Structures are given as structure tokens and as C-alpha cells.
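J.: Before I ask anything, let me first share the structure, which is written out below as C-alpha cells.
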Amino acid sequence: MTISQLVEESGAQMRIFDLGRRITKISKKDFADFEQLGKAYPTPYLKHAWVAVLSWNPKKAGQHNIWFLKLPLDEQNILQPGPRDAFLQHWLRVVADPDKEHGEAPCSFKPDQNRMAYFHAVSLMTLGQPTTQYYATARAYLSGDLGWENWQQLGLQGLAEVVARISEDNNEKLLAQAIGQMPAVPRNVLLGYLENSQPGHELTVAINDCLSTVVAAGPQAADLAAFARALSNSVNEQQRQLLLQAILAHPVSKSVEVLAAIGSRCWHDLEGELLKAYLECLAVNEQGDNAFMALVADLMTLAGMRERILTVFRSPERSEALSSAIGKLMNLVSASTGSVQ
């Protein structure tokens, strides 16, 4: 039995979401194929598929279940079925004896506060439920009506709902007008939510202008990481890549926080010269060889990235620092596998 089959047999409907690199929908067919070991997971993160399964029974209004699951993958990003099966057995025991304490389910995880807020916002939309009371407060703040310094009263939930409903209530224009006015803390939270959306041209230009101002003032690593995340799914590919180049050219880009944000969210853009610039920064990152190896290893699990990275590794134009980091990585791989392809 699979998760898909269990939900179907219960008479419920479901939606599946990827919670690894960003929060996106997964089609039921793709998830069913993945569970049947017929398809690799397209966006693995740290060798796992991080998924949320939202299910509800149309005959039982107002009731729904959410499972947050961290499913282990093999070297080809195919599901390792054992842990998934252990989760199913746990759930069947819960259904059979709901009054008994069964402990924590295998493969379960708890998303951080920001991801939980955004997933809740998406769930409300999926279930056809209204926004929370925080939505109106967030919109009032973004309109400037509450004063830009009065952000402490904002709930994460309200900002998440505005971004989740970016195509409603003129929200994209509202965000474009607000982004350059906001203090760093709420702005960076908002930028983080935007990785799950697709900022249009007007909002992307506003993010670009705001980034220029922040860079001129001397950014912190958290600032550049937040901007990289916000731009990762924007509609203007060429502008997005130019902005990523600008971020990588800044001294703060040596921070692992910045490099991890780019590697985990902007992997689609990492090829050619932009990938080379990224790896050059990663080779001299502030945390050294371990961070280089971990971030490169994670990137290599994504479709097509291994070939791109190896092309840069073979480049005669790579720096001495990158050559040294590559040598240490290859030695580690050679020691663990006996060969390097």
C-alpha cells in the first residue's frame, strides 16, 4: 500500500506539496509514480523528499489531516520504501486504536515557523477557506497606514497570506510599493515568502531597486540571502541572473547563509559563468571545506547539475582556491567509493 492508496481508500481527497527547496504543488500522478518507484523525486533536498500531504473528506466539512513527511531517497533520488511503509503501519495503528498513545510517526518532521505560516496560507486557499484576521492587518501595514516602524504587531501568518494570494486584491502592486519602505526584519521575512511565489515584472523591479539600496548601505548576510530567495522564481530570467551575479560579487557572498540560499533556491540559474562564480565563492566560504563539500553534494543530487558542476571543475580557468577545494572533495569521494567518475 502507498500513501496515495491509503488516502483514496478512505474516501478523502488530497493535495501534495513539496516543502524542500520551496513550497510547490506536486501532481497526484507524479506523487503516485514516485511512490511506486517509477519516478525519481525531482527536487531532493539533503537526500530526502520533504512533502506535506493535505487530505480532506468532502462529506465531512471542516475536517482535514496534514502529514509532514521527510522521506529518504537513494542515490538516484528514488524513494526508499521501508521508512514510508513504517509510516503507513503507524497510521493504520492510529486509525485502529485512536485512543491509544502511539508516539511520533516515522518520517514526520515539523516545518519551521515561516514555512508553517506559508503552508497554512496555501492550505486555506486549497480548502476554499477565508483568510485569517492577520491578512487585513498585514495589508494595512503594507499600505503604510500603520507606519513602517510598527511591524512588531504583524503576524507571520498575515504576510504569508498576502504573498500566497499575490494575484488577488491588488496584492502584487501593494508589495511592490511597500518593499523599499520596510525595515530589514519584516522585509526579509517577506522576501523569504516570495521564493514560493512568482514575482511579476513590477515587483521584480521593486526588489531590484531595494537590493541596490541595501547593497549601497552595506548589507548583512541575511539580507543578501533573503533577496536571493525572493528572486529565485521571478519571471524575468535575464534580470534575475544579473542580480545573482551582483550578489555573488559582493564580499558578504562568502557567507554560507548566502551561498546556501542560492544553491538551494536558485539552482536553475546555476550554469556556465554564473555557476563558476558561485563555486569560486563557495571555495573561499567562511566555514571552509566542509561547507563546500556539503553544498556541492546537495547540488549534485539535482537533475543535470552533476554534469554542469563537473564541467566547471574541469575548467582550466578555475582559481587556485577552487582547484584546492575540488582536490579535497575528489579525495574524499575517492576514499569513500574507490573511484571518481
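J.: Can you tell me which of L231, L270, L244, L259 is over 20 Å from G304 (Cβ atoms), buried (at least 22 other Cβ atoms within 10 Å of the Cβ) and either modelled with pLDDT under 95 or assigned by TED's automatic domain parsing to the domain that holds L302 (or both)?
T.: Working: L270 fails: over 20 Å from G304 (Cβ atoms); L244 fails: over 20 Å from G304 (Cβ atoms); L259 fails: over 20 Å from G304 (Cβ atoms).
Testing whether each residue is over 20 Å from G304 (Cβ atoms), buried (at least 22 other Cβ atoms within 10 Å of the Cβ) and either modelled with pLDDT under 95 or assigned by TED's automatic domain parsing to the domain that holds L302 (or both) leaves just L231.
J.: I'm trying to understand the selection: among the residues of the range 109-143, which are out of contact with any His (no Cβ under 9 Å at 6 or more places or on another chain), surrounded by fewer than 19 Cβ atoms within 10 Å (Cβ to Cβ), at pLDDT 95 or above and among the small types (G, A, S)?
T.: Those that are out of contact with any His (no Cβ under 9 Å at 6 or more places or on another chain), surrounded by fewer than 19 Cβ atoms within 10 Å (Cβ to Cβ), at pLDDT 95 or above and among the small types (G, A, S): A136, A140, S143.
J.: Moving on to the next point. Testing G82 on (1) more than 30 Å from V296 (Cβ to Cβ); (2) surrounded by fewer than 16 Cβ atoms within 10 Å (Cβ to Cβ), one condition comes back false. Which one is that?
T.: Of (1) more than 30 Å from V296 (Cβ to Cβ); (2) surrounded by fewer than 16 Cβ atoms within 10 Å (Cβ to Cβ), only one is false for G82: (1).
J.: Would you mind stating whether R84 is in contact (Cβ under 8 Å) with a residue 24 or more places away in the chain, on the phi < 0 side of the Ramachandran plot, assigned to a helix (DSSP H, G or I) and not assigned by TED's automatic domain parsing to the domain that holds T301?
T.: On the way: in contact (Cβ under 8 Å) with a residue 24 or more places away in the chain: yes; on the phi < 0 side of the Ramachandran plot: yes; assigned to a helix (DSSP H, G or I): yes; not assigned by TED's automatic domain parsing to the domain that holds T301: yes.
Spelling it out, R84 is indeed in contact (Cβ under 8 Å) with a residue 24 or more places away in the chain, on the phi < 0 side of the Ramachandran plot, assigned to a helix (DSSP H, G or I) and not assigned by TED's automatic domain parsing to the domain that holds T301.
J.: Follow-up question, since we're still on this one. Inside the range 44-75, can you point out the residues that are charged (D, E, K, R), surrounded by fewer than 17 Cβ atoms within 10 Å (Cβ to Cβ) and either part of a strand (DSSP E or B) or without any contact (Cβ under 8 Å) to a residue 12 or more places away in the chain (or both)?
T.: From the range 44-75, those charged (D, E, K, R) are 47, 59-60, 70, 74-75; that's our starting set.
From what's left, surrounded by fewer than 17 Cβ atoms within 10 Å (Cβ to Cβ): 47, 59-60, 74-75.
Residues satisfying the conditions are K60, D74, E75.
J.: If we scan the range 118-127, do we find a residue that is under 29 Å from S27 (Cα atoms), of a type in the set (F, W, Y) and in a loop (DSSP other than H, G, I, E, B)?
T.: Initial filter on the range 118-127 (under 29 Å from S27 (Cα atoms)): 118-127.
Checking the rest, the ones that are also of a type in the set (F, W, Y) come to 118-119.
Now narrow it down to the ones that are in a loop (DSSP other than H, G, I, E, B): none.
Checking the range 118-127: not a single residue is under 29 Å from S27 (Cα atoms), of a type in the set (F, W, Y) and in a loop (DSSP other than H, G, I, E, B).
J.: Could you check, for the range 152-165, whether at least one of its residues is under 26 Å from T43 (Cα atoms) and in contact with an Asp or Glu (Cβ under 6 Å, 6 or more places away or on another chain)?
T.: No, that holds for no residue.
J.: Looking only at the range 45-62, decide whether some residue is in contact with a Phe, Trp or Tyr (Cβ under 6 Å, 6 or more places away or on another chain) and modelled with pLDDT under 95. Give the derivation first.
T.: Step one: list which residues in the range 45-62 are in contact with a Phe, Trp or Tyr (Cβ under 6 Å, 6 or more places away or on another chain), which gives 49, 52-53.
Remaining after also requiring modelled with pLDDT under 95: none.
Checking the range 45-62: not a single residue is in contact with a Phe, Trp or Tyr (Cβ under 6 Å, 6 or more places away or on another chain) and modelled with pLDDT under 95.
The values are calculated or read from the model by the stated rules, or taken from the named source; none is laboratory data. Since the model is a prediction, treat every value here as computed from it, not as a measurement. Note that each Cβ is placed from the backbone with ideal geometry, even for glycine, and that neighbours are counted across all protein chains shown.
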